[in-house]
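What follows is a set of notes on a single structure, which appears directly below.
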Amino acid sequence: MKDLSLHILDIVQNSIRAKAKLIGIEITELPKENHLIITITDDGTGMSPEQLKSAIDPFYTSRTTRKVGLGLSLFKQNAEMTGGTFSLESELGKGTKVTATFGLNHLDRPVMGDLVGTLLLLICSSEAIDYVFKHQTPSGEFVLYTREIKQTLENVPLNHPEVRSFLKEMLHENLEQIQISE
Amino acid sequence: MNRIKSLADLKKLQSEVQSKIKLRENSNNPENLIQIKVSMATCGIASGARDTMNYLIEELDHQGIDAIVTQTGCMGYCYAEPTIELTIPGQKPVVYGYVNKTKALEIIEKHIKLNEMVDGIIPVAYSTIDNQ
């Protein structure tokens, strides 16, 4: 993947396929510790202990259209290449949590990329799924709850062009204030 | 300094858009709308499917074309990503491969607006592990 925002989009697709109704995306940037931590949690179907052991294997997938599942293994590889760590927790029937820690200043750390584009696509493309997005840096914190947004919008859909445009600007403006990684 | 947008601003937008929505709902019926599914698996995302999907949504809106653009899982054409499945009301779905922004615009201008298919169609003749 060219950038971290694409990894986030990719891992969230797993949550969507696991029929999650609530997906959490958390990004924490800690320059002093040289850490960039990305955590994605969901309340989907989860995995059994056997599935959990195989999940990071690139030749293991629950799909039937192909025989490889590269998302988690690529994410893990990228994190570890920057001196970071990767963990995967899951419980059948409860959900899954993926945490990747990257070396913030490491030369091989992919750039954050178009995070707004990723969030916009996820938020606006499915009314049935709620997202909690949290971005923390020493400059501040931005938290977005799609449940609150839907309540404010009442029966105006999230994919309405004016709502999309508004959300795009809102995400840009708020993230610009605090984001460190480019 | 720009004011940062908040939920209060969103509430103002909601009341402005609310009245327009009622007119839109009366004329829209999902079965009568053009449907575009964008494959959003690892291969697709790595090949640019996110940008393709965002471009399709914005360009269709810009041209005033009513369509439903959604993401879907892997369709099995990893070699030709980004791929989209286009369904025009009354017609069978068509899968296009290698859909970047240029190809997406061509599909909108020719296939959607003029009902002329363009190059890049993937014949649906695959078999999955289940149906082998």
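With a cut-off of at most 15 other beta carbons within 10 Å, and DSSP calling the residue loop, which GluC sites (Glu not before Pro) in the range A:1-64 qualify? Please list them.
Qualifying residues, ordered by number: A:33.
Filter the GluC sites (Glu not before Pro) in the range B:14-121 to those in DSSP coil with at most 14 other Cβ atoms within 10 Å of their Cβ, and list the result.
Passing sites in the range B:14-121 are B:116.
Could you check which residue among A:149, A:38, A:123 shows the biggest mean-square fluctuation in a GNM of chain A with a 10 Å Cα cutoff?
The residue with the greatest mean-square fluctuation here is A:149.
Going by how many other beta carbons lie within 10 Å of each one, how would you line up A:98, B:95, fewest first?
B:95, A:98
Between residue B:88 and residue B:62, what is the label-point separation in nm under the 7 Å Cα-to-beta-carbon projection?
It is 2.2 nm.
Distance in nm between label sites at residue B:121 and residue B:102, each 7 Å beyond Cα in the beta-carbon direction?
2.2
Could you sort out which of A:19/A:76; A:76/B:101; A:53/A:94; A:21/B:110; A:67/A:150 sit more than 26 Å apart by Cα distance in this structure?
Going by Cα-Cα distance, A:76/B:101; A:21/B:110; A:67/A:150 fall outside the 26 Å limit.
From Cα pairs below 8 angstrom and at least 6 apart in sequence, can you work out the relative contact order of chain A, rounded to a whole percent?
It rounds to 24 percent for chain A.
Loop only by DSSP, 12 or fewer other Cβ within 10 Å of the Cβ. Give me the chymotrypsin sites (Phe, Trp or Tyr not before Pro) in the range A:1-78 that pass, ordered by residue number.
A:59
Dipole magnitude of the range A:4-178 about its Cα centre, charges +1 at Lys/Arg Cβ and -1 at Asp/Glu Cβ only, in debye to the nearest 20?
620
Mind giving me the FRET efficiency for residue A:169 and residue A:89? R0 is 35 Å, r the Cβ-Cβ distance, nearest 0.05 is fine.
For residue A:169 and residue A:89, the calculated efficiency is 0.50.
Can you tell me the dipole magnitude for the protein assembly as shown around its Cα centre, using point charges on the Cβ only (Lys, Arg +1; Asp, Glu -1), in Debye to the nearest 20?
400
Where in chain A are the helices, taken as whole DSSP H runs, whose Cα atoms extend 24 angstrom or more along the long axis and whose Kyte-Doolittle mean reaches at least 1.0?
none
Taken together, the values in this text are just the output of simple stated rules run on the coordinates, not laboratory data. This structure is a prediction, so every number in the text was calculated from the model and none was measured. Please note: Cβ atoms are built from the backbone with ideal geometry, for glycine as well, and neighbour counts cover all protein chains shown.
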